[in-house]
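Scroll down for the structure; my scribbles are underneath it.
The values are calculated or read from the model by the stated rules, or taken from the named source; none is laboratory data. The structure displayed is predicted, hence computed values, not measured ones. Cβ coordinates were reconstructed from backbone atoms using ideal geometry, including for glycine residues, and neighbour counts include every protein chain displayed. The area values use the complete protein model at the heavy-atom level, side chains included, leaving out ligands, DNA and RNA. Shrake-Rupley method; radii C 1.70, N 1.55, O 1.52, S 1.80 Å.
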Amino acid sequence: MTRQLSLGLSGEDVKHLQNALNTIAQFKQPKFDTANALLKTDGIFGVRTKARVVEFQSRNNVVGDGIVGSITMNLINIAMDVIKKLPAPPPPFGIYKRMFAIIYARMFHDKITSDGRIATKTGYPKAVNGVNITPGLPFSQIGAIAGEEDCTHFISCCIGRPPAMKVTGASIEGGGLPLQTAPHVKQAGAYGRDTVPEMVPHLVSAKLATVVGPRFQPRDLPLTRHNILTKLQPGDLIAYASKDKPANYEHLVILVGPTAIACHTRSRFGPEFDTIGFPWVTLLRLP
């Protein structure tokens with residue numbers, strides 16, 4: 001966006017804004033839905049366009065002034081980037097807010113999560129390489145983190161109820177699933193779970209996830225890709241294992257596109273699911 005958009009302006013950038021707001025509204029998610037009729041895409045920033053902007057801002061904890069500046073446009077761009085990866089609008093809003101989970105994954109895939117913790121083989125350090133660990137701190141400011149094993153903790157924050165955090169003026173929160181934080185994780189001041197072998201049975205036993213197909217499927221089997229494309233959707237999870245046994249779960253990711261994934265290991269957001277090296281996968285469909 002090259003200029004700030006407000007009441008009375010017109011042009012192709014206003015038409016782009018109107019089209020974006022209409023597209024976002026069709027996905028029926030709380031932060032992006034609208035109680036009003038879709039906008040006429042005439043490129044004129046009139047009172048209806050302003051009202052729709054104010055509504056969008058209010059739903060996203062931004063000052064509802066009806067002016068589209070950098071913060072509001074950034075939120076719109078985030079929503080549009082996520083939607084481009086979705087094959088179709090998600091089901092109606094329920095216990096699990098998929099769009100929130102995907103946005104959380106995008107915002108924190110290369111940062112310390114909003115609880116201000118990162119899991120390693122030796123626990124949850126307060127500082128790494130002489131840098132204090134704080135919520136939202138970019139990994140680029142920390143450097144290599146010895147023994148990092150944060151994939152499950154990161155996914156917990158994506159799909160669950162970690163502390164909300166303001167990022168570029170917007171409140172970013174997880175998908176809202178009522179995960180039970182493991183005692184040792186809680187003692188460390190972190191949220192959720194931190195190992196895949198305990199996370200998968202917790203999700204299934206709490207009826208927060210359903211295993212799709214055989215519990216262990218070969219990662220490279222064409223049928224596995226077919227099952228992901230036809231039986232999962234963005235916001236669902238894939239657990240990876242070195243052997244086809246529950247004790248051998250090694251990694252956990254969230255789908256952010258039809259077959260694209262995000263995780264904390266190597267700060268991934270967008271690579272294909274089959275780029276993860278483990279040979280077995282479990283497909284987990286969330287509510």
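Points to keep in mind about this one:
- Candidates LEU75, LEU38 - the one that is modelled with pLDDT under 90, of a type in the set (A, V, I, L, M) and open to solvent by less than 20 Å² (accessible area, probe 1.4 Å): LEU75
- If you filter the stretch 101-125 down to residues that are surrounded by fewer than 22 Cβ atoms within 10 Å (Cβ to Cβ) and touching an Asp or Glu at 6+ places or on another chain (Cβ under 8 Å), you find that the one that is nearest to CYS157 (Cα to Cα) is ARG106.
- Residue list for the stretch 158-214, restricted to those being in contact with a Leu (Cβ under 6 Å, 6 or more places away or on another chain) and within 30 Å of VAL63 (Cα to Cα): ILE159, GLY160, ALA170, LEU177
- Test: GLY169 is at positive phi and out of contact with any Cys (no Cβ under 7 Å at 6 or more places or on another chain): yes
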